Amino acid sequence: MTNTERDVITDGASWPARYTYSPALRVGKTIYLSGTTGTDDAGNITAPGDIVEQTRQIFRKFERLLNAAGGSCADIVQSTDYITTTERYKETAAVRREFLKGAQPTATGVIVAGLLRQHALIEINAVAVLRG
């Protein structure tokens, strides 16, 4: 793969052609992870009302995508959190530590009025750079 080729990453799951975006896109050693909510494989929120567990599910999904590309969440260098509530948001830091394994990416947090996915309290997008 050259630095200009794009490789869609789906962690082996089928990805509907009707979607106008990819769950993750690899360009060279860089992986761009689309905004992701804490949903199961059927698209249902896994923990309504629980921002901590929704965050954990997001990072589980990121880990699967990054594993499919040969990396892990420890390769994340930048993330943006879009949150609808600050209630228990500080507790999501422990989830980040669990998955980032000491990596300290740059990060931005944004409070929003709502998210597209009903009952989602947080949506995260990220950028990872694979090592080696």
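The values are calculated or read from the model by the stated rules, or taken from the named source; none is laboratory data. Since this is a predicted model, take the numbers as computed values, not measurements. Note that each Cβ is placed from the backbone with ideal geometry, even for glycine, and that neighbours are counted across all protein chains shown.
Quick notes on this structure:
- Count - residues of the range 69-109 that are in a strand (DSSP E or B) and within 17 Å of Val127 (Cα to Cα): 11
- Residue within the range 96-107 that is without any contact (Cβ under 8 Å) to a residue 12 or more places away in the chain, closer than 23 Å to Leu130 by Cα and not polar (S, T, N, Q) present: yes
- Selected residue (only one of Val110, Val77 is among the aliphatic types (A, V, I, L, M), within 17 Å of Leu130 (Cα to Cα) and in contact with a strand residue (DSSP E or B) (Cβ under 8 Å, 6 or more places away or on another chain)): Val77
- In this structure, Glu63 qualifies as in a helix (DSSP H, G or I) and either in contact with a Ser or Thr (Cβ under 6 Å, 6 or more places away or on another chain) or not small (Gly, Ala, Ser) (or both).
- When residues of the range 50-76 are limited to those that are under 12 Å from the mean Cα position of the chain (by Cα) and hydrophobic (A, V, I, L, M, F, W, C), the one nearest to Ala94 (Cα to Cα): Phe59
- Within the range 81-100, being surrounded by fewer than 17 Cβ atoms within 10 Å (Cβ to Cβ) and not hydroxyl-bearing (Ser, Thr, Tyr) holds for Glu87, Arg88, Lys90, Glu91, Ala93, Ala94, Arg97, Glu98.
- Out of Ala113, Ala103, Ala126, sole residue that is among the aliphatic types (A, V, I, L, M), modelled with pLDDT under 95 and either surrounded by 14 or more Cβ atoms within 10 Å (Cβ to Cβ) or more than 25 Å from Ala68 (Cα to Cα) (or both): Ala103
- Considered as a group, the residues in the range 1-42 that are of a type in the set (Gly, Ala, Ser) and in contact (Cβ under 8 Å) with a residue 12 or more places away in the chain include one that is farthest from Phe62 (Cα to Cα), and that residue is Gly28.
- Residue ID - nearest to Thr85 (Cα to Cα), chosen from residues in the range 10-60 that are touching a Phe, Trp or Tyr at 6+ places or on another chain (Cβ under 8 Å) and assigned to a loop (DSSP other than H, G, I, E, B): Pro23
- In the range 82-116, the residues that are touching a Gly at 6+ places or on another chain (Cβ under 8 Å), of a type outside the set (A, V, I, L, M, F, W, C) and closer than 17 Å to Gly35 by Cα: Tyr82, Thr84
- Residues in the range 66-84 that are among the hydrophobic types (A, V, I, L, M, F, W, C) and either in contact with a Ser or Thr (Cβ under 9 Å, 6 or more places away or on another chain) or free of Cβ contacts under 8 Å to residues at least 12 places away in the same chain (or both): Leu66, Ala68, Val77, Ile83.
- Some residue of the range 8-24 being in contact with a Gly (Cβ under 8 Å, 6 or more places away or on another chain) and either surrounded by 15 or more Cβ atoms within 10 Å (Cβ to Cβ) or of a type in the set (A, V, I, L, M) (or both): no
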